[in-house]
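This report refers to the structure that appears directly beneath it.
The values are calculated or read from the model by the stated rules, or taken from the named source; none is laboratory data. Note that the structure is predicted; figures quoted are calculated from it, not measured. Glycine also receives a Cβ, built like all others from the backbone with ideal geometry; neighbour counts cover every protein chain displayed. For the accessible areas, the whole protein counts, side chains as well, though only heavy atoms, and no ligand, DNA or RNA atoms are used. Shrake-Rupley method; radii C 1.70, N 1.55, O 1.52, S 1.80 Å.
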Amino acid sequence: ETRRSHHQIGASAAMGDADGDETAKAAAALEECVALLSSDSREKKFVGMLLVTRLLPDGDDDLVLTRVYGATGFHAFVTSMLRAAPSPVEAAESPGGDDTPGAGDGDPDGRAAQATASHSLALATCAALSKAPAVATDVSMVERLSLFGSAMARKGRYASLPSSAVADACEAATRVVAAGGESAAGKAAESGVLAAAAVAIENAAAEMAPTETEKAKDADPDRNLPLLGAMRLLAMLLESPNAMRGVCGHGNESDDGGGNGVTLATGERELGDAESGRKKNSDEKSADDKKHAKTAKAAARALPALAKTFACSPGQPTQIEALRCLSLLLSALPARAPFGKLTATLAKAARPKRLGNLGNAKSGTDKEELTPTEITLMPNWLHDLRGGVSSVLRAKAPRELRHVALDLCAAACDLVGPSWLCFDLLSGAAEGLTETKTKGKNSVSFFRLVLELTRVETAVLLHDLTRDDREVRQNARRMLHVPLVVYERLVSALAQDCEAGEAFDLNEGSDGQSESKSGSLLSPETAAAAVGALADVAEKLLEFLELLSSGDDSQKEKENPHGIEPALDAGVFLATIRALSAFLAELPEPHARRVNALLPSLFAENTSENNSRALSPSPNARALVIRFLLPYVLQATETPEGLDAFAAANGPGACAFLLERVVASGDEKNQLDKLEACGVIAAAVAALRNGADGSGKGLVGETLGERCGEVFWRTLPSLVVWAVSVTGGFKKKQGDDDDGVLAVVFRFAGLAKSETKREKKTWRDALATMEFLVPGGCDLGEGGSVGGGGFLGQGTEGGVDGNAARGFDEPIEL
């Protein structure tokens, strides 16, 4: 035992000596490296940099990295190497031309190769040392962001840079931005790093599928190496408010980023020369606009490369980063009111080759309907985008990734129209998936795939909102908006597809054209089953609203004893109402009875007297609820049951509240879009007209007609004044169409000169005036804005209550 103990002690001592030797060797190598980098000899500095790239690429000791970077004269030497020019002419023009190693030596090709080697070595060194936050935030490193950007885009002297060096430039810039926060991100955007990252993605993705000749030559085996790093850098900058200010229209050009206004001409006024300051500010703003426009164009040009990567690398990290970049890029696209340079550039990137506007919201009216042959006119990246989304939704991907993919579907619909969901063309590497899908036993269309995932996610998240676990409820509130927005796009897509098919049958069906130009992209079986699936989701939304309506105050206090979490989240409530209204606008009949029973709670004002009855948590929420439900109300008030529900919910009072809000919104900072406001006004008055008309026909008591007449006469003066102010911004010919909402507003404005029609009389006189202003056949629009097309109820045997429209028979295999 003693000998064994002595042996173990000896072995431990030997191991300790070995560890000590390794530590001593590492310390000696570090000292040698620092000494070489601090030397006055350029040759020794080169040797020291080689040691840095060999000894420290995997190092994570911040103190060691900081000490190496702090070697005497090392900062300036790295910068001079990055500025090394490939030719004597560029060396003379370069600020660091005199310090370029070997200036004027050898032939141009040799000098270019030497300069490229210097650039590669310097970039590898910066990438290795920037792992330390102290190095990444150093002023000298931040100042090199412009050089990193030029290297990533292979501009000028960096034209021959190998892909591995481009990857090092991306890595160095990423670490500088990550360590420096918003300040470094803003500096990077000003230095052109965001545009350079987009160019690097474009260049790397272009070589993802090399030709046979390129494979034989094997010119650059690392050609795809910069792709992942460039996408990570681009995503980081796209998430930064400072980097995207001006490009997406976020904030104000004269804002300092913290919400405080900064006067651009402050310096000039201090010098007493305000006129010169204004001129300078105008020039600077023009230069900034050009820079922002250039950045937006570069980001938009990267869309095809990102979509190709997204479709061609299923299950790989590059697909995840491509999905992240695509989601961030398209999130800059507002659904209704485009603003910012990136939005306009994205719209141009999505424009078909021949058709002017694929995403026209009024399908079948102002645009030519797409045929299967014309689908190929869409940019290929839109088909790649569909292929990537399909691969994510079919795979066993994490829930968060599926939600990002669904969100990408909604963004694509905002960009090119809901009909994007109806196409099954998956281009690029995803074409093979399309062939397998159509031949397989469980073949499904892309529309059905998105619909089924949306249905499942909506049902699960609505159930999670009723769980006792507070964390589960919070997570559901955070994620629910994604499937609900996609649900709205699915309803619009199916309605437009049914409308296109009906238009073809009415206008072109007798022309003897081929079935390939049927006007409809979805098969009749898929459309009929989709109606049932959409109706099932609407039923789940109704059940959730009924649960909210049935809860009493004691239950709310039990769920929220400390007031930390609101019993009813306004965002969840409004998103649910909006999604449900999108379906009710197209097909109100299946759930009319249950919706009518909920109308009193939905329209009620939230006051201390009826707090337990009203679902809307605020006046703003109440106005939005009434506005979302207008398409349903317009159709419901054409039936006796709907008129009774309208009267029981005090529909006239709700319409009056909405009309007053719209009229008053003209003076607010975030005023309603004028054309949108015209539609809301016309729809609200049409609802009052329907109520009074029902009383006149005996479908409901005269009390409703009297209330509708009283509301109309009370709000008419303010509506006339509002209409006069609004119509000044429209051309008269825009109101010539007797069936449009603009014609309604022009007729309101015309009442300013007619005292007879504005004179308050009985409710029957109010009905006559409303019929003059908003005739019965007036086109109030379709979908979630105002009106309601009702196309989902057509072409389905037995309606949604029939077996043919109760959803899909077999589940999708994921």
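Counting Lys and Arg as +1 and Asp and Glu as -1, what is the net charge of the other residues whose Cβ lies under 12 Å from the Cβ of residue 295? If you can, show how the numbers build up before the last one.
Details: positive: 245, 290, 291, 294, 297, 301, 341; negative: 190, 288, 289.
Counting the neighbours of residue 295, the net charge comes to +4.
Note on residue 164: accessible area is roughly 50 Å² with a 1.4 Å probe, heavy atoms of protein only. Residue separation of residue 594 and residue 620 scaled by 0.36 nm, minus their Cα-Cα distance, works out to 6.9 nm of gained length. Distance between the modelled labels on residue 146 and residue 539, one decimal in nanometres: 6.5 nm (7 Å Cα→Cβ projection). Per-residue 3J(HN,Hα) values for the stretch 482-491, derived from phi via the Karplus relation 6.51 cos²θ - 1.76 cosθ + 1.60 with θ = phi - 60°, read 5, x, 5, 5, 5, 4, 4, 5, 5, 4 Hz in sequence order (x marks Gly and Pro). Summarising the label geometry, the points placed 7 Å from Cα in the beta-carbon direction at residue 752 and residue 289 lie 3.2 nm from one another.
Want the number for residue 43 to residue 761: 0.36 nm per residue separation, take away the alpha-carbon distance, what's left?
Values: separation 718, 0.36 × 718 = 258.48 nm, distance 9.96 nm.
Difference between extended and current length: 248.5 nm.
Rg over Rh for the stretch 677-724 works out to 1.04, using Cα positions for both radii and the Kirkwood form for Rh.
Mind putting a number on the dipole of the stretch 112-197 about its Cα centre? Charges go on the C-beta only, +1 for Lys and Arg and -1 for Asp and Glu, and I need it in Debye to the nearest 20.
Values: 7 positive and 6 negative charges, 42 e Å.
Rounded to the nearest 20 debye, it is 200 debye.
Using the structure shown, list the pairs from 540/674; 155/290; 187/297; 348/396; 45/297 with a Cα-Cα distance above 29 Å, or answer none.
Working: 540/674 34 Å; 155/290 19 Å; 187/297 19 Å; 348/396 34 Å; 45/297 41 Å.
Checking Cα-Cα distances, 540/674; 348/396; 45/297 exceed 29 Å.
A simple spin-label model places the labels of residue 675 and residue 155 3.8 nm from each other, with each point 7 Å out along Cα-to-Cβ. When only alpha carbons are used to place a centre, the stretch 70-86 and the stretch 584-634 end up 68 Å from one another. Taking 0.36 nm per residue of separation and subtracting the current Cα-Cα distance, fully stretching the chain between residue 206 and residue 478 would add 94.2 nm.
The spacing between the stretch 105-180 and the stretch 444-463, judged by their C-alpha centroids, is 46 Å.
Please arrange 613, 42 by accessible surface area, largest first, computed with a 1.4 Å probe and ligands excluded. Walk me through the numbers on the way to the answer.
Values: 613 110, 42 75 Å².
Greatest to least solvent exposure: 613, 42.
Phi angles across the stretch 408-420 convert, under the Karplus curve 6.51 cos²θ - 1.76 cosθ + 1.60 with θ = phi - 60°, into 3J(HN,Hα) values of 5, 4, 4, 5, 5, 5, 5, 7, 10, x, x, 5, 4 Hz, Gly and Pro given as x. Applied to the stretch 28-40, the Karplus parametrisation 6.51 cos²θ - 1.76 cosθ + 1.60 on θ = phi - 60° returns per-residue 3J(HN,Hα) values of 5, 5, 5, 4, 5, 5, 5, 5, 5, 5, 8, 5, 7 Hz, with x for Gly and Pro. With a Förster radius of 60 Å applied to the C-beta separation of residue 54 and residue 606, the computed FRET efficiency comes to 0.30. The largest accessible area among 583, 544 belongs to the first residue in 544, 583, and the rest follow in falling order (1.4 Å probe, all chains).
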